[in-house]
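The values are calculated or read from the model by the stated rules, or taken from the named source; none is laboratory data. Please read these numbers as outputs of a predicted model, since none were measured by experiment. Counting neighbours? That spans all protein chains shown, and the Cβs are built from the backbone with ideal geometry, glycine included. Heads up: the accessible areas ignore ligands, DNA and RNA and are worked out on the full protein's heavy atoms, side chains in. Shrake-Rupley method; radii C 1.70, N 1.55, O 1.52, S 1.80 Å.
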Amino acid sequence: MKLASVNVDLDEIPNYFAIHGLTPAGPAMSAVYDRAVARMVDWASAMKLPLTLFTVASDLSRAENRRVIADAARRGHEIASHTLDHRYDLVRLSYADICTQIDDAASLIHAVTGERPRGFRAPGYTFSDEIARVLLETGHAYDSSVFGCPAYYMAKALVMASYSLIGRKSHSIMGEPEVLLAPRTPYRLGTPYWREGQGIPEFPIQVTPRIRMPIIGTNVTLWGEKFARRAAASCADDALFNFELHGIDFLDADDDLEALRAHQPDVRVPRAKKLSALSAVVEELRGQGRSFVRLDEVEARLFP
Ligand SMILES: [Zn+2]
């Protein structure tokens, strides 16, 4: 049986301000936890699918956020780790600091859900062999950070180069281009991590065969229903469709995100239109005979 997973990175709004070198301020700073999570959980229950939520553990210092996550876990969604502080420069930190970012996140998530997270995703999709080692040492069962997508890599390089030209500091960093050589379907991490090996399972972010166009929430919501369906159809032979979304995919400019409008075209798309594009992908994947499962269940089924 072919599988599909819908997983959401709960990057809170200040992260987006940091990417664009803006000072985080305004009423929307907790919009992901205050608004987006409830909307995505309602959407998931309407679409009858479980979610995997990649949670930035320091966000759990806020009592409202702890309630939101505990409630999502009770409703059957998986709570996975998106590190302690969402440091875009995680790969450049010392071994001890990487351990803190990963192990403390696991403890904080455990305190809220009663379970240590099994899954991990690095901020900004930048990964390293050292991170893989720490994941193994801290009992994580799978990773889902590898994003072997030339278009994304080029776009990110272009944005960062133009920001540095105009003297604006982005907190985002470039990963290694070798990640573009990684398999595009599930594999065990090797050394280096973009080669197949004996490590924990890796579930790469979904890209299309051959040209490796990314099928992630940001693109799908910009494309609209028809094109999104066609992109998903091109992946019909994959054992897993790993559909990565972000909390911001469930928000729009009306959620006090005016400041991001100029920097992120996805923020300009009305929420209802985003939801219909996401739902169209889910319907296309159901038409391919896929069952929707959490990523921890993907791990159990594909790597028994
Ligand atoms: Zn993130």
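What to note about this one:
- Of residues in region 31-46 being surrounded by fewer than 16 Cβ atoms within 10 Å (Cβ to Cβ) and aliphatic (A, V, I, L, M), the one nearest to residue 62 (Cα to Cα): 38
- Annotation note: of 201, 186, the sole residue that is under 23 Å from the mean Cα position of the chain (by Cα), open to solvent by less than 30 Å² (accessible area, probe 1.4 Å), modelled with pLDDT of 75 or more and of a type outside the set (Gly, Ala, Ser) is 201.
- Selected residue (only one of 292, 250 is aromatic (Phe, Trp, Tyr), out of contact with any strand residue (DSSP E or B) (no Cβ under 7 Å at 6 or more places or on another chain) and closer than 29 Å to residue 117 by Cβ): 250
- With respect to the conditions (1) assigned to a loop (DSSP other than H, G, I, E, B); (2) of a type outside the set (Lys, Arg); (3) surrounded by fewer than 20 Cβ atoms within 10 Å (Cβ to Cβ), residue 193 falls short on a single one, namely (3).
- Considering residues of region 209-262 that are of a type in the set (Asp, Glu) and over 23 Å from residue 143 (Cα atoms) only, the residue farthest from the ligand (Cβ to nearest atom): 225
- Residue match in region 31-45 (condition: away from the ligand (no atom under 14 Å from the Cβ), assigned to a strand (DSSP E or B) and under 18 Å from residue 296 (Cα atoms)): no
- The residues of region 53-70 that are surrounded by fewer than 17 Cβ atoms within 10 Å (Cβ to Cβ) and either farther than 21 Å from residue 90 by Cβ or within 13 Å of the ligand (Cβ to nearest atom) (or both), listed by number, are 62, 63, 64, 67, 70.
- Residue in region 81-91 that is farthest from residue 117 (Cα to Cα), counting only those that are outside any loop (DSSP other than H, G, I, E, B) and within 12 Å of the ligand (Cβ to nearest atom): 90
- Against the criterion of being of a type in the set (Lys, Arg), in contact with a Ser or Thr (Cβ under 6 Å, 6 or more places away or on another chain) and crowded, with 20+ Cβ neighbours inside 10 Å, residue 294 qualifies.
- For region 1-30, the set of residues classified as of a type outside the set (S, T, N, Q), more than 15 Å from the ligand (Cβ to nearest atom), open to solvent by less than 50 Å² (accessible area, probe 1.4 Å) and under 30 Å from residue 300 (Cα atoms) consists of 3, 4, 6, listed by residue number.
- Subset of region 124-153 that is small (Gly, Ala, Ser) and more than 22 Å from residue 17 (Cα to Cα) - its residue that is nearest to the ligand (Cβ to nearest atom): 144
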